[in-house]
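Everything below concerns the one structure shown next.
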Amino acid sequence: MSGVAWHYVIKFIITGDAAVGKSSLLVRLTDQRFLANPDPTLGVEFGSKLITIPEENKVVKLQCWDTAGTESFRSITRSYYRGAAGCLLVYDVTSRQSFTNVRTWLADVREHADPHLTCILVGNKVDLCQPGPSDTTAAAPSSLRQREVPTEEAELWAKEEGLLFVEASAKSGENVEAAFEVATKDILTKIQRGVFDDDRSPGVKLSKARDTDLAIDGQPKSGCC
Ligand SMILES: Nc1nc2c(ncn2[C@@H]2O[C@H](COP(=O)(O)OP(=O)(O)OP(=O)(O)O)[C@@H](O)[C@H]2O)c(=O)[nH]1
Ligand SMILES: [Mg+2]
């Protein structure tokens, strides 16, 4: 694929408590797979993915910085907040503590990131509280866990804080790409309104290619030699 087969590059950060599934969400997005025993992230990890937003007729390259949830890495991970245009603020729907702690993560992001950054609250691991014998992606009955954060409560808090919201599962893949898409659409709207631009916003980069050289399937329209 051509190196210029995108309209925008958008920088995302992924934050939240340790073990809520940040790296798993990124691996699901970029590699469409789930690791049962991933190593905890040491500092930051990076992943990239091209997505298409058909409604906007745009191809967007997501550059995602997946940060460690462990406290000892905070000063390193904070330095990656600067310049991000999007943030996935992740908690585990079976952990009340991880939801309580997203307040601290959000405060941290607001202190160190672009004030116009788009933030989406992601309640991960919904598969753990979804029984259903016909649903192969749901947890086996023995591994079912109690949901500790009701959807309505998280949704309400997200609304109060001006965040987008989705529940997802890195294990089943449910809503993973959708979380990034919803946030990306919001960022594209901000670009159109002039909130983000190429000069002032390091988290957003515009393609130098002409629009006519790009197709929404991510492939260049011409120059196939
Ligand atoms: N059932 C289930 N388990 C998940 C899901 N996402 C992650 N996990 C598991 O949760 C554990 C932690 O996942 P990670 O992706 O390493 O969590 P993290 O937030 O990146 O953790 P740190 O890097 O330490 O901050 C692993 O055992 C994963 O397999 C999910 O959607 N469902
Ligand atoms: Mg991780």
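Laboratory data are not the source of any read-out in this text; all were calculated from the coordinates shown. Fair warning: this is a prediction, and the values are worked out from it, not measured in the lab. Positions of Cβ are backbone-derived with ideal geometry, glycine not excepted, and every protein chain shown enters the neighbour counts.
With the helix formula -39500 (n - 2.57) applied to DSSP H stretches of n ≥ 4, the chain reaches a computed 222 nm mean residue ellipticity of -8500 deg cm²/dmol. For region 49-103, trypsin sites (Lys or Arg not before Pro) meeting the loop criterion (DSSP other than H, G, I, E, B) and having at most 16 other Cβ atoms within 10 Å: Arg82.
How long are the semi-axes of the equivalent ellipsoid of the chain, defined as square roots of 5 times the Cα gyration tensor eigenvalues? Whole Å, largest first.
For the chain, the semi-axes come out at 30, 21, 16 Å.
For Ala18 and Leu50, a Förster radius of 22 Å and the Cβ-Cβ distance give a FRET efficiency of 0.15, rounded to the nearest 0.05. Taking amide H as placed 1.01 Å from N in the peptide plane, the amide H of Ala84 sits under 5 Å from that of Asp114, each at least 5 places away or on another chain. Using a cut-off of 13 Å between beta-carbons, work out the net charge of the residues near His112 (Lys and Arg +1, Asp and Glu -1, His112 not included). Summing Lys and Arg as +1 and Asp and Glu as -1 gives +1.
For the chain, a crude dipole built from +1 on the beta carbon of Lys and Arg and -1 on the beta carbon of Asp and Glu, taken about the Cα centre, is about 500 debye to the nearest 20.
Projecting the Cα atoms of Gln97, Thr52, Gly83 onto the charge dipole of region 49-104 (Cβ charges, centred on the Cα centre) puts Gly83 farthest toward the positive pole. Across the cross-link table entries Lys58/Lys125; Lys11/Lys190; Lys185/Lys205; Lys159/Lys205, which are compared at the Cα atoms, the separations over 23 Å belong to Lys58/Lys125; Lys159/Lys205. Mean-square fluctuations from a GNM of the chain, with a 10 angstrom spring cutoff on Cα atoms, peak among Ala170, Ala68, Ala107 at Ala107. Largest GNM mean-square fluctuation among Ile51, Ile14, Ile191, using the chain with Cα springs under 10 Å: Ile191.
What is the chain's relative contact order, in percent, from Cα pairs under 8 angstrom and six or more apart in sequence? Write out the running numbers ahead of the final one.
Numbers: 440 pairs, mean separation 62.1, N = 225.
It rounds to 28 percent for the chain.
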